[in-house]
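What follows is a single structure, written as structure tokens, with notes after it.
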Amino acid sequence: MIIKPPSRMDIDSAAVLDEAVSRIAHARKLGTGRRNFLRTSLTLGGLSMLTGCTLDDSESVNAALSKISRINDEVQGFLFDPDRLAPTYPESMITRPFPFNAYYGEDEIREIEESSYRLEVTGMVSDRRKWALPELRAMAQVDQVTRHICVEGWSAIGKWGGVHFGSFLRHVGADLSAKYVGFKCADDYFTSIDMPTALHPQTLLALTYDGQPLPPKYGFPMKLRMPTKLGYKNPKHIQAIFVTNTYPGGYWEDQGYNWFGGS
């Protein structure tokens, strides 16, 4: 499965922008009692064209819509409940085979040598040393069977195992008040997430799939597995993690996808 970039649409961009500004301004005034309404009518409905499409009739409209998308990120961040768990499933419901998905084809899957692999950790952390796979495998491991939801409309259930990411961040002395955690990958992919999602109890540094070492097509030596995020927010073949207060963007996010990417 190759994820395609956002499609371009011929629409009345001025009308879209006016409506979006109005709806977001109204949404930001609402209290927590209207969260369900906002989740359906704003985040997943009225602004979907803004977060999934690139409007190219003028640079000014592109800039304006990018700003609207960032405001939408703020709204989604406000709606995010760091204590709410995504559904889990019995192993009998695992999708077999679990689909491959990336911005390239399966014949281009990256092969990484385990013995020489080192995970780099930088930014707002006190312990910046590099990690070998045996060290990561020696940490407490957890498993979860959760659903992967792709922005293109399909989903699949898989079993992932690894290190609770929040525990790892605490172990390396990350500044948990920082805004962002970014990822650089061996397949030239990159993305970033918000700190509340990084600390969510179901966010894993996944080292295994279905009880076995993570296969290359699923992101060996590790991927970030977040059932609270859409698939493109789950990076594979992770080589570097950094904690920062500077907005890092992402491969697809820089091309028009919504940055928060909540599922």
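Kindly flag which residue pairs out of Lys159/Lys179; Lys159/Lys217; Lys130/Lys229 have an alpha-carbon separation exceeding 23 Å in this structure. Kindly include the intermediate steps, with their values, before the conclusion.
On the way: Lys159/Lys179 29 Å; Lys159/Lys217 15 Å; Lys130/Lys229 27 Å.
Long pairs (Cα-Cα over 23 Å): Lys159/Lys179; Lys130/Lys229.
The Stokes-Einstein estimate for the range 215-263, based on a Kirkwood radius over Cα pairs and taken at 25 °C with 0.890 mPa s viscosity, is a diffusion coefficient of 205 µm²/s. Averaging Cα coordinates gives a centre for the range 175-239 and one for the range 110-125; these two points are 13 Å apart. With each label modelled as a point 7 angstrom along the Cα→C-beta vector, the Arg170-Glu108 pair spans 4.0 nm. Each peptide in 104-111, 250-257, 150-157 gets a packing score, the mean of other Cβ atoms within 10 Å over its residues, and the list from highest to lowest is 250-257, 150-157, 104-111. Over the range 104-240, accessible surface divided per residue gives 38 Å², non-protein components excluded, 1.4 Å probe.
The values are calculated or read from the model by the stated rules, or taken from the named source; none is laboratory data. A quick note: this is a predicted structure, and the numbers were derived from the prediction, not measured. Quick reminder, even Gly has a Cβ in these numbers, built from the backbone with ideal geometry, and neighbours come from all protein chains shown. For accessibility, only protein heavy atoms count, side chains too; no ligands or nucleic acids. Shrake-Rupley method; radii C 1.70, N 1.55, O 1.52, S 1.80 Å.
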